[in-house]
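The values are calculated or read from the model by the stated rules, or taken from the named source; none is laboratory data. None of the values given here were measured: they were computed from a predicted structure. Neighbour counts are summed over all protein chains in view; Cβ atoms, including those assigned to glycine, are modelled from backbone coordinates with ideal geometry. Surface accessibility is based on the protein's heavy atoms, side chains included, excluding ligands, DNA and RNA. Shrake-Rupley method; radii C 1.70, N 1.55, O 1.52, S 1.80 Å.
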Amino acid sequence: MDNVDNRPPFFFGTNLKMHQTPAETVAFLDDLFSEVGEVARAQRIFVIPPFTSLPAAAEHPAHKRIWIGAQNMHWAEDGAFTGEIAPGMLAALGLDLVLLGHAERRAQAGETNEVINRKVHAALRHGLRVLLCVGETAAERSFGVGEETVVHQLKIALHGVPAEKAERVMIAYEPVWSIGEGSAPATPNEVRLVTRLLRRRLRLIFQRDVAAPVLYGGSVNVQNAASFAALPDLDGLFVGRSAWSPAGFAMVLKEAIRARIGGVSGKLP
Ligand code: PGA
């Protein structure tokens, strides 16, 4: 859905990580919808709750305007994979997207680029959009291979994906050193450079311009959201801690949209 001024929607969402019971997610979506329901007509808002909250979130009235996604999935159709969730199980809930390759999955669950590639294919096969996270660690950055790392992750994750599916993949640049408590965000200039790099590489991978949105995530908050949202090449923001309350979500979104569209009346939360 486009804005009144025909700009593409701004992508804005949160990953709730391992927080909230189903009842808490319902309460979160109740309040979030009253805060940002109008904005969600024109902008692309999404929430990624934990697995156990997904059925309730998928059936929540807010889901008619807010995309709901899962934080992970297995690549196989089914089988002896204790504790895992198959792509068809997520698709059966009517979910919009699945988050793949988050830094915490890579670091804590040992997810490799090859595993993420299998998951990307499985998700797309089941009609799920993919929110693919890429980002270098502090060590990779200090060795000067941040860009190489991000390109390496992108190329393997998207290997074999046909160009006509590319617009169903959103890329979130999330440098590992910028995520979570005690971290500092990337600077808007760093984000601008990596966003451009990702776009160039997407064009090379798919051999044409593709409409895969590029987002930034990592310590985004109410103070810095506008500086990222003002970057013309960036399509959205992926927010953790600052968006874990409906009021926080709405405030950060409001700053982003203000910077993005200069406060078109009726569009602000
Ligand atoms: P943060 O999390 O905004 O709390 O740094 C970002 C993320 O993990 O995607």
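Most mobile of 68, 156, 257 per a Gaussian network model of the chain (Cα springs, under 10 Å)? Between 68, 156, 257, it is 156 that shows the largest mean-square fluctuation. I'd like the carbon and sulfur percentage of the solvent accessible area for the stretch 176-269, probe radius 1.4 Å, heavy atoms only, ligands and nucleic acids excluded. Whole-percent figure for carbon plus sulfur exposure: 53.
Given R₀ = 25 Å, FRET efficiency for residue 27-residue 77 by Cβ-Cβ distance, to 0.05? After rounding to 0.05, the efficiency reads 0.15. Ligands, DNA and RNA left out, the accessible area of the stretch 15-131 computed with a 1.4 Å probe is 54% carbon and sulfur. A Cβ-based charge dipole, computed about the Cα centre of the chain with Lys and Arg at +1 and Asp and Glu at -1, lands at about 680 debye. A simple charge model with +1 on the Cβ of Lys and Arg, -1 on the Cβ of Asp and Glu and nothing else charged puts the dipole of the stretch 21-162 at about 400 debye relative to its Cα centre.
Once the chain from residue 221 to residue 109 is taken as fully extended at 0.36 nm per residue, the excess over their C-alpha distance is 37.6 nm. Where is the GNM fluctuation largest for the chain (alpha-carbon springs, 10 angstrom cutoff): 78, 235, 96? Highest fluctuation among the options: 78. Once backbone amide H atoms are built at 1.01 Å from N, residue 11 has 44, 236, 237 as its partners under 5 Å, excluding neighbours fewer than 5 places away on the same chain. Under a 5 Å amide H cut-off, with hydrogens placed 1.01 Å from N, residue 100 pairs with 131, 132, 133 among residues at least 5 apart or on other chains. The HN-Hα couplings worked out from phi for the stretch 47-62 by the Karplus form 6.51 cos²θ - 1.76 cosθ + 1.60 (θ = phi - 60°) are 10, 10, x, x, 3, 5, 8, 5, x, 5, 5, 5, 8, 5, x, 4 Hz, whole numbers, x standing for Gly and Pro.
The P(r) of the chain has a tail past 31 Å containing 20 percent of all C-alpha pairs. Each Cα pair of the stretch 14-124 feeds into the Kirkwood radius, which the Stokes-Einstein equation turns, at 20 °C and 1.002 mPa s, into a diffusion coefficient of 147 µm²/s. In this structure, the pairs whose alpha-carbon distance is over 24 Å, taken from 119/155; 155/254; 119/254; 165/254; 64/254, are 155/254; 119/254; 165/254.
I need the Debye-formula profile for the stretch 130-201: one equal scatterer per C-alpha, no solvent, reported as log10 I(q)/I(0) at q = 0.14, 0.15, 0.21 1/Å, two decimals. Debye intensities relative to I(0), on a log10 scale: -0.44, -0.51, -0.93. Across the stretch 102-253, C-alpha contacts under 8 Å between residues 6 or more apart give a mean separation that, scaled by the residue count, equals a relative contact order of 20 percent. Alpha-carbon geometry of the stretch 144-269: the Rg and the Dmax are 15.2, 45 Å, given in that order.
Each Cα pair under 8 Å and six or more residues apart adds its separation to the average, and for the chain the resulting relative contact order is 18 percent. The residues of the chain expose on average 44 square angstrom of accessible surface per residue, using a 1.4 Å probe on protein heavy atoms.
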